[in-house]
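The values are calculated or read from the model by the stated rules, or taken from the named source; none is laboratory data. Just so it is clear, the structure is predicted and the values come from calculations on it, not from any experiment. Cβ sites come from the backbone with ideal geometry, for glycine too, and all protein chains shown count toward neighbours.
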Amino acid sequence: METLTNRAKPVDRRPMNFWEKIYLPAVIKGLGITFRHLFKKKATYNFPEQKRPFSPVFRGLHILNRDEEGRERCTACGLCAVACPAEAITMEAAERKPGEEHLYREEKYAARYEINMLRCIFCGFCEEACPKDAIYLTETFAPANYQRKGFIYGKEDLLIPFPPIENQSATEKL
Amino acid sequence: MFLEISAFLVIEKLILVAAILGISLFIAMYSTYAERKLAAFIQDRRGPNRAGIFGILQPLADGGKLFFKEEIIPEYANKFLFILGPALFMITACMTSAVVPWGSTLHIAGRDISLQVADVNIGILYVFGVVSLGVYGIMIGGWASNNKYSLLGTIRAASQIISYELAMGLSLIALLMITGSLSLKDIVEQQSHGVWYIVYQPIGFLIFLVCAFAECNRTPFDLAECDSELVMGFHTEYSSMKLGFYLFAEYINMFISSAVMVTLYFGGYNFPGMHSLHVSPNMLTILGVIAFFIKIFIFLFFFIWVRWTVPRFRYDQLMKLGWKMLIPLAILNLLITGALMLYPHH
Amino acid sequence: MSLPVILFWILAVISILSAIGVVMAKNPVHSVLLLIVTFFTIAGLYILLNAQFLAVVHIIVYAGAIMVLFLFVIMLMNLNASGEPQKNNLVKFAGVISGGILLIVLVAVLKQANTGMLAEGSDHIGLIQNLGQALFKDFVLPFEVSSILFLSAMIGAIVIGKRE
């Protein structure tokens, strides 16, 4: 059979010779390997002080974006919910009333917008589907919670604050 | 009469006993830290580094945690024996230190103070006897837990320790043929002017070392507790400080067996070039003690190093190694030693 | 009373009490553990006689090896107080007779035995050097014969173990 990689090694079932039988050379070889590892660079990050950088394509928690004037971009078209393979997104649309023009950009907006972070697979399809550039995936991840309902993120959790707060993730749950 | 003792001697020995116990407990405490740190380094991790600088207070934190854990005694356990087990294991672990010569003599206030608690003329046999009693702590604790895993661990521990004691004893006999004395003090003094006995007894030392690993229940011979198969073997049911005693006694055993190996094969408190140093005898004794402890630390490092390198033996491999390899090898070593000793005379 | 005498009495009392306990204990594991205590006190008595080698060998061989095997078997068989089989009267009767005969023999031997004091200054007789001299000079033939006995026992064990 042709192998995918040529790294496969056939199992050696020959009986052990004398040097293999007395174990000691192999043990000493192993000791040498572990001794070398004593001085190797440690792979650990000291987590709270030192954070591992995310890769540039990392997809984390979602945010709902606003435009330059601070109005919500989302028009509750539902394309993100349709695109979502995990069916994690639900929303309810509402019509913009007169006098709310500074809050919502279009005539229609999402009155309720929920993402279930337990269902979400962070594929980023919602981001691609959105015609209004309203939803984005950030570089944070959902913090732990004691209850399932804590993982259902509502609009208040997802919407980035306005004006933007410096040095604080918009979606951080306090 | 050998029981005529002066008050000075009693005080002196009591101080010495307290000091040795304190030091061995302290070293055992920090061997747990060293174990965790070295394990981490070997596996490219950092190890405990939160309690104090470099995690130096970690053993205290561990001890505190064990003290505050809930004390659980299983309902169907034999209560008296359940408590007796860890206590016995701890006592036997500490007892061996009595005959180890920790240093030569100190001259303080006109008195010669020997840095050895008891120079009995059967020193090695005493060590051997105490080691053979160590198994009772395991057996009693494991049986009293009334748990199948504990009983299996107990049986493994007991048969392992008995099997390896034989090879250990045989390897020692070859050494004793050279020394002609069972007193550890004499053995160290003999190495003071000649070469260390490792040169005369390399095979004997190797057998002794392997057996020491087995007697201490250290990986690769930790079948008594093997966490992955027997869920800690004989101390499955133990919690709180009783568990702490079992774990801690293992490190004391390691420390003491390192001390015994250094004494027997690596010259004890002697160090190269000690006779050409021009210092006062007291200074020389202190340097000797330091040399002794450095050698012990090297052995402790070796114990830990091997643990994180070699995987556990299978049970039949363990028995095969003990009975079919080490014992014949030890007997062969005995015969060769005897032949070489008789050869110059004929 | 001097220190050795006090120690002797303490050890003797513990020794006898634990020996009685061996017979009286309902749980066989307790019996074995009490027997180990007895061995220890006897080893203590040897030390009082300055027979250190004998004391240590007593502990290594009896407490360290033989009793471990006893304990081993008893633990594996899971004998406990409730599972003790009912002995019928015939067995009890036979036990009393054989025990009584053993007692008579022991008493007779002890009556005849020479229990004179050791000569003054001979308290090093139990030390290892003297013991070695005695074993390999005066009693070399019985010693070697008994070692052949052990060898044959070992070979027998291997033969039994090899036969599948």
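Against the condition modelled with pLDDT under 80, surrounded by 21 or more Cβ atoms within 10 Å (Cβ to Cβ) and of a type in the set (D, E, K, R), how does B:GLU225 come out, does it pass? In short, yes. Only one of the numbered conditions (1) part of a loop (DSSP other than H, G, I, E, B); (2) free of Cβ contacts under 8 Å to residues at least 40 places away in the same chain; (3) of a type in the set (A, V, I, L, M) is not met by B:LEU223, and that is (2).
Being more than 8 Å from every other protein chain (Cβ to nearest Cβ), part of a helix (DSSP H, G or I) and touching a Gly at 6+ places or on another chain (Cβ under 7 Å) narrows it down to one of C:LEU17, C:LEU34, so name that one. Steps first, please.
Details: C:LEU17 fails: touching a Gly at 6+ places or on another chain (Cβ under 7 Å).
Criteria check complete, one pass: C:LEU34.
With the structure loaded, tell me whether B:ALA87 is away from every other protein chain (no Cβ under 13 Å) and of a type in the set (Gly, Ala, Ser) or whether it fails that test. Considered against the rule, which asks whether it is away from every other protein chain (no Cβ under 13 Å) and of a type in the set (Gly, Ala, Ser), B:ALA87 comes out as yes.
Residue check: is C:VAL56 surrounded by 12 or more Cβ atoms within 10 Å (Cβ to Cβ), closer than 29 Å to B:TYR164 by Cα, at pLDDT 85 or above and within 22 Å of the chain's Cα centre (by Cα)? Talk me through it step by step, then tell me what you get.
On the way: surrounded by 12 or more Cβ atoms within 10 Å (Cβ to Cβ): yes; closer than 29 Å to B:TYR164 by Cα: yes; at pLDDT 85 or above: yes; within 22 Å of the chain's Cα centre (by Cα): yes.
Yes: the conditions hold for C:VAL56.
Report yes if B:LEU170 is in a helix (DSSP H, G or I) and at the interface with another protein chain (Cβ under 10 Å from one of its Cβ atoms), otherwise no. Here the answer is no, as B:LEU170 does not meet what is asked.
Part of a helix (DSSP H, G or I) and either touching a helix residue (DSSP H, G or I) at 6+ places or on another chain (Cβ under 9 Å) or more than 14 Å from chain B (Cβ to nearest Cβ) (or both), is that true of A:THR34? Explain how you work it out, then say what you get.
On the way: part of a helix (DSSP H, G or I): yes; either touching a helix residue (DSSP H, G or I) at 6+ places or on another chain (Cβ under 9 Å) or more than 14 Å from chain B (Cβ to nearest Cβ) (or both): yes.
It is true that A:THR34 is part of a helix (DSSP H, G or I) and either touching a helix residue (DSSP H, G or I) at 6+ places or on another chain (Cβ under 9 Å) or more than 14 Å from chain B (Cβ to nearest Cβ) (or both).
Residues in the stretch B:1-54 that are within 14 Å of chain A (Cβ to nearest Cβ), touching a residue at least 60 places away in the same chain (Cβ under 8 Å) and either more than 30 Å from B:PHE301 (Cα to Cα) or surrounded by fewer than 18 Cβ atoms within 10 Å (Cβ to Cβ) (or both): B:ALA39, B:GLN43. Restricted to the stretch B:249-346, the set of helices (runs of 4 or more DSSP H) holding at least 3 residues that are in contact with a strand residue (DSSP E or B) (Cβ under 9 Å, 6 or more places away or on another chain) comprises B:281-307. Within the set B:ILE161, B:ILE124, B:ILE140, the sole residue that is at the interface with chain C (Cβ under 10 Å from one of its Cβ atoms) and over 19 Å from C:ILE66 (Cα atoms) turns out to be B:ILE124. For A:THR44, the criteria (1) within 17 Å of B:PRO220 (Cβ to Cβ); (2) within 12 Å of chain B (Cβ to nearest Cβ) hold in every case but one, which is (1).
Scanning the stretch B:64-82 finds no residues that are crowded, with 23+ Cβ neighbours inside 10 Å, under 21 Å from B:ALA249 (Cα atoms) and either of a type in the set (Val, Ile, Thr) or touching an Asp or Glu at 6+ places or on another chain (Cβ under 7 Å) (or both).
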